[in-house]
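The values are calculated or read from the model by the stated rules, or taken from the named source; none is laboratory data. Everything numeric here is computed off the predicted structure, so don't read it as measured data. All Cβ positions, glycine included, derive from the backbone under ideal geometry; neighbour counts span all protein chains shown. All accessible areas refer to the heavy atoms of the entire protein, side chains included, with ligands and DNA or RNA removed. Shrake-Rupley method; radii C 1.70, N 1.55, O 1.52, S 1.80 Å.
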Amino acid sequence: MSGAPGGAGGSVVAAHGPSGAGRPYPVTMTIDVLLSGFAPFDGAATNESWEAVREAVPALVERGVDAEAVELPVEFGTASERLEEAVRGLRPRLVVAVGLAAGRTAITPERVAINIRDARIPDNAGASPVDEPVVPGAPVGRFSTLPVKAMVAALAAGEVPAAVSQTAGTYVCNDVFYALQHLLATDPALEGIRGGFVHVPSADVVDSPATARALVRMVEAALSTEADVRLAGGAEH
């Protein structure tokens, strides 16, 4: 495993294993999965999303998955630009963006991103957009192209609870999620790359090693599942 600095909130973790065989893709894929996590924000010393991603990458490689990871700044726009650069440079089969959802008690793959920025607190650059679109003129929502229910099912007998989430919020996590899905849906050069977002709970609920192990199982489920399983994963509110 090697690390290279990428500026504030821009570390890169790379670990290469044999690229997995799968269906032919319209775009030449160079790695199996790109994961992203976030730098600390709101005065915290660490961010559980990046800690878990850093641990998941070498574990994936040990299991034969070609994986890399990038740390994103908690900044509207800049974070999604950093992720786009990595996607274009690495051409992964999957993109799994990961963020912290303090207050949640489970790992939650997100079903849908919405085209809105509405910040409760400033981002790390001091920006506090209110009722602004992520991508002007784009659709209201973009669905994940990851098999979110299969990913949840992969943790059914594990140590970490999981559930499909119906909202990624309106902060930088959703900003990255929406921008990623819009990019993959509209750029023919990236056709065939699947992507989505997973929120993880804080370390006092699930520690980083356990979260990393859960991410590994979710990634493996996503790589092996083309069409999502048909399981109930809705919510009443």
Which pairs turn up if I take residues in the stretch 32-45 that are polar (S, T, N, Q) and look for partners that are surrounded by fewer than 24 Cβ atoms within 10 Å (Cβ to Cβ) with beta carbon separation below 9 Å, at least 6 apart in sequence or on another chain?
Ser36/Arg82; Ser36/Leu83; Ser36/Ala86
All positions within the stretch 151-162 that are surrounded by fewer than 17 Cβ atoms within 10 Å (Cβ to Cβ) and of a type in the set (A, V, I, L, M, F, W, C):
Ala156, Ala157
Could you say whether any residue in the stretch 223-233 is in contact (Cβ under 8 Å) with a residue 24 or more places away in the chain, more than 15 Å from Ala163 (Cβ to Cβ) and surrounded by 14 or more Cβ atoms within 10 Å (Cβ to Cβ)?
yes
State which residue is most open to solvent (accessible area, probe 1.4 Å) when the search covers only the stretch 94-124 and only residues that are of a type outside the set (A, V, I, L, M) and under 13 Å from the mean Cα position of the chain (by Cα).
Arg111
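Regarding Val198, is this residue within 28 Å of Ala125 (Cα to Cα), crowded, with 20+ Cβ neighbours inside 10 Å and touching a Pro at 6+ places or on another chain (Cβ under 9 Å)? Reasoning before the result, please.
On the way: within 28 Å of Ala125 (Cα to Cα): yes; crowded, with 20+ Cβ neighbours inside 10 Å: yes; touching a Pro at 6+ places or on another chain (Cβ under 9 Å): yes.
Here the answer is yes, as Val198 does meet what is asked.
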Considering the stretch 125-143, residues that are open to solvent by less than 50 Å² (accessible area, probe 1.4 Å) and either free of Cβ contacts under 8 Å to residues at least 40 places away in the same chain or of a type in the set (Val, Ile, Thr) (or both), and then whichever is nearest to Glu226 (Cα to Cα), we arrive at Gly141
How many residues does the stretch 104-128 hold that are of a type in the set (A, V, I, L, M), part of a loop (DSSP other than H, G, I, E, B) and under 14 Å from Gly169 (Cα atoms)?
3
Can you find even one residue in the stretch 144-163 that is over 24 Å from Pro58 (Cβ atoms), without any contact (Cβ under 8 Å) to a residue 60 or more places away in the chain and in contact with an Asp or Glu (Cβ under 8 Å, 6 or more places away or on another chain)?
yes
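What tally of residues in the stretch 12-56 results from selecting those that are of a type outside the set (A, V, I, L, M) and at pLDDT 60 or above?
Our first condition is that a residue be of a type outside the set (A, V, I, L, M); within the stretch 12-56, this holds for 16-20, 22-26, 28, 30, 32, 36-38, 40-43, 46-51, 54-55.
Cutting the leftovers down to at pLDDT 60 or above gives us 28, 30, 32, 36-38, 40-43, 46-51, 54-55.
Going through the stretch 12-56 one residue at a time, the tally reaches 18.
Can Ala102 be described as among the small types (Gly, Ala, Ser) and within 21 Å of Gln166 (Cα to Cα)? Walk me through it before giving the result.
On the way: among the small types (Gly, Ala, Ser): yes; within 21 Å of Gln166 (Cα to Cα): yes.
In short, yes.
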Go through the residues of the stretch 166-184 one by one and say whether even a single one is over 26 Å from Ala44 (Cβ atoms) and either surrounded by 23 or more Cβ atoms within 10 Å (Cβ to Cβ) or out of contact with any Gly (no Cβ under 9 Å at 6 or more places or on another chain) (or both).
yes
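Looking for whichever is touching a Pro at 6+ places or on another chain (Cβ under 8 Å) and among the acidic types (Asp, Glu) here; the options are Glu75, Glu48, Glu62. Which one fits? Quick ask: steps written out before the conclusion?
Working: Glu75 fails: touching a Pro at 6+ places or on another chain (Cβ under 8 Å); Glu62 fails: touching a Pro at 6+ places or on another chain (Cβ under 8 Å).
Residue meeting the stated conditions: Glu48.
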Output for the stretch 69-103, where each listed residue is closer than 25 Å to Glu132 by Cβ, in a loop (DSSP other than H, G, I, E, B) and at pLDDT 95 or above:
Pro73, Val74, Glu75, Phe76, Gly77, Ala101
